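Scroll down for the structure; my scribbles are underneath it.
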Amino acid sequence: MKTVVITGSTRGIGLAMAMEFLSAGYRVTLSGRGEVLGDETAAALSPFKDHFIYVPCDVQSRESLRKLWDVSCGHWGKVDIWINNAGRNTPHTPVWETGEAHTRQVFGTNMLGVVFGSQIAAAEMIRQGHGAIYSMEGLGSNNMIQPGTVLYGTTKHALTYFMKGLARELEGTGVIAGRLSPGMMLTD
């Protein structure tokens, strides 16, 4: 039975991916910043009882991502696919009007979360002899500039470079890395 870990999977496209993987017979670890899975999300997942677990995780923390891997691997025995899905945007404002807290959050989630998650997953997947790591692209990945979302776009542009480089470094290890680009997704 294949297993997948999806960061930021309590709503939006992350939850939609989790539901699709569950429907396809995968074992899924969902994660988010909340201590418990919300009632609405838990109800939506109820048909898949015993096929998923929830692990609280703040992707800005390497320690939290390490726990996500350890709990997932401990529960399922392995992790076949790791998806760096957690993402944040800033308020729709020019760069110079974006406050420090929002700036730190968008870079911490969209860049450090991807780097830390990929580092942990790559090292552990190399040890287990197989695996796949994917990260979600977004506005900016294709060099498009949208005023008011420049910081978000910067992180997604950097993510594309990082994942291409990671894929090259993983060549010959039995682990692959790639990017998922679903296009414009309006979520909460």
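A few notes on this one:
- Neighbour net charge for V106 - beta-carbon separation under 12 angstrom, K R +1, D E -1: +2
- Summarising the amide proton neighbourhood of A177: residues at separation of 5 or more, or on other chains, whose placed amide H is nearer than 5 Å comprise I133.
- Remark: spin-label model distance A44-V95 equals 3.5 nm, labels positioned 7 Å along the Cα→Cβ axis.
- Ellipsoid equivalent to segment 104-171 - semi-axes via the Cα gyration tensor, in Å: 26, 12, 7
- Cross-link partners for K78 among the lysines, with Cα-Cα distance under 25 Å and sequence neighbours closer than 8 places in the same chain left out: K2, K49, K67, K164.
- Per-residue ³J(HN,Hα) for segment 24-39, Karplus 6.51 cos²θ - 1.76 cosθ + 1.60, θ = phi - 60°, Hz, x for Gly and Pro: 8, x, 6, 8, 10, 9, 8, 8, x, 7, x, 5, 9, 6, x, 4
- Percent RCO, i.e. relative contact order, over the chain, from Cα pairs under 8 Å lying at least 6 residues apart: 20 percent
- Shape parameters for segment 31-179, alpha-carbon atoms, Rg then Dmax in Å: 16.5, 48
- Phi angles across segment 123-130 convert, under the Karplus curve 6.51 cos²θ - 1.76 cosθ + 1.60 with θ = phi - 60°, into 3J(HN,Hα) values of 4, 6, 5, 4, 4, 7, x, 6 Hz, Gly and Pro given as x.
- Counting only protein heavy atoms and using a 1.4 Å probe, the accessible area of T29 comes to about 0 Å².
- Largest accessible area first, the listed residues W82, W76 line up as W76, W82 when surface is computed with a 1.4 Å probe on the assembled protein chains.
- Approximate spin-label separation Q146-S23, in nm, with each point projected 7 Å along Cα-to-Cβ: 2.5 nm
- Longest DSSP-loop-exposure-free segment, GluC sites (Glu not before Pro), the chain, at most 12 other Cβ within 10 Å: 36-170
The values are calculated or read from the model by the stated rules, or taken from the named source; none is laboratory data. The model shown is predicted, which means the values in this text are computed figures rather than measured ones. Methodologically, a virtual Cβ is constructed for each residue, glycine included, from the backbone with ideal geometry; neighbour enumeration extends over all protein chains shown. SASA here: full protein model, heavy atoms, side chains in, ligands and nucleic acids out. Shrake-Rupley method; radii C 1.70, N 1.55, O 1.52, S 1.80 Å.
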